[in-house]
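First up is the structure itself, then whatever we jot down about it.
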Amino acid sequence: MQTAIFYLASVIAVFFVFVPHEIAHAFVAYKNGDGTAKMYGRLTLNPIKHIEPIGLVLCILTGFGWAKPVPINPYNFRNYRRGLFTTAIAGVVVNYIIAFMAYPLYLVFTYYVDAEQVFYLVYFFRSVFYLIFLYSLSVFIFNLLPFNPLDGFRVVEALTREVNPVRRFLSNYGYYILIFLIVESFLCDLLVRYTDWSFIEYFDILGYVQWFARNIIGFPITALWNVIFRLPVGF
């Protein structure tokens with residue numbers, strides 16, 4: 001029962017993480033002068049317009065995933081570099097704000113709601129808010145990796161010239177690097193979970209990324225709210 005509730009909470013959490021992320025891209029692009037995303041119906045809360053099935057499943061299974069990229073035409077921006085940069089980082093900024101709002105709600109359901117009579121309901125909401133917090137941080141740091149087609153590569157585009165050899169490499173091979181990292185992380189997780197090869201976790205590259213997201217990028221959030229809720233502060 002708890003496993004089914006956890007996966008349902010995971011699906012809902014993904015929607016709350018990815019939909020605002022993509023709307024932020026579309027909105028900031030529009031404000032910079034490019035109406036392409038609006039024309040394609042991406043300024044909407046309808047998750048069907050934003051969710052990509054494979055990215056959804058991978059996020060649930062590994063904590064890393066993606067949504068449908070928002071179509072933009074940077075040549076419509078009033079200022080090309082500024083428009084490209086602000087549009088690229090808009091999604092991750094919103095994700096950090098969402099993580100900031102989700103964590104205290106997780107604390108409320110963990111420490112202040114009596115779960116004795118409605119255990120599964122409380123477990124559901126606690127899981128939803130914790131996963132929103134965790135996925136938001138994972139998406140934040142994952143999307144800033146400089147691999148095409150992630151937001152981090154758009155930042156590279158905004159800050160470099162097209163002839164830059166590193167930019168060309170990331171553009172041509174970034175997608176394959178990402179697939180390798182996600183598959184490698186998924187396989188490491190399976191081996192650690194279903195075998196006694198615990199040493200495998202040291203080879204999980206994205207595992208280190210997720211640890212960094214949760215414990216370093218997320219530390220200001222957890223530290224602040226833990227102080228407010230009078231809870232211990234630390235990793």
Residues of the stretch 52-73 that turn out to be modelled with pLDDT of 80 or more and either in contact with a helix residue (DSSP H, G or I) (Cβ under 6 Å, 6 or more places away or on another chain) or surrounded by 20 or more Cβ atoms within 10 Å (Cβ to Cβ) (or both), as a count: 5
For the stretch 112-134, which positions are within 20 Å of THR222 (Cβ to Cβ), at pLDDT below 95 and among the aromatic types (Phe, Trp, Tyr)? TYR112, PHE125
For residues that are farther than 10 Å from PHE18 by Cα and hydrophobic (A, V, I, L, M, F, W, C), scanning just the stretch 47-58, find the one that is nearest to the chain's Cα centre (by Cα). LEU58
If I go through the stretch 62-84 residue by residue, how many of them are touching a Leu at 6+ places or on another chain (Cβ under 9 Å) and closer than 30 Å to ASP204 by Cα? 6
With LEU107, LEU131, LEU84 as the choices, which residue is assigned to a helix (DSSP H, G or I), under 22 Å from ILE23 (Cβ atoms), touching a Phe, Trp or Tyr at 6+ places or on another chain (Cβ under 8 Å) and aliphatic (A, V, I, L, M)? LEU84
One residue is enough: does the stretch 104-111 have a residue meeting the conditions of a type outside the set (S, T, N, Q), at pLDDT 95 or above and under 18 Å from the mean Cα position of the chain (by Cα)? yes
Going through the stretch 74-102 one residue at a time, which ones are touching a helix residue (DSSP H, G or I) at 6+ places or on another chain (Cβ under 8 Å) and within 30 Å of PHE125 (Cα to Cα)? ILE89, ALA90, GLY91, VAL92, VAL93, VAL94, ASN95, TYR96, ILE98, ALA99, PHE100, ALA102
Going by the conditions given, is VAL28 among the β-branched types (Val, Ile, Thr), closer than 30 Å to GLU184 by Cβ and assigned to a helix (DSSP H, G or I)? no
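The values are calculated or read from the model by the stated rules, or taken from the named source; none is laboratory data. None of these values were measured; they are calculated from a predicted model. Every residue, glycine as well, gets a Cβ built from its backbone with ideal geometry; the counts of neighbours run over all protein chains shown.
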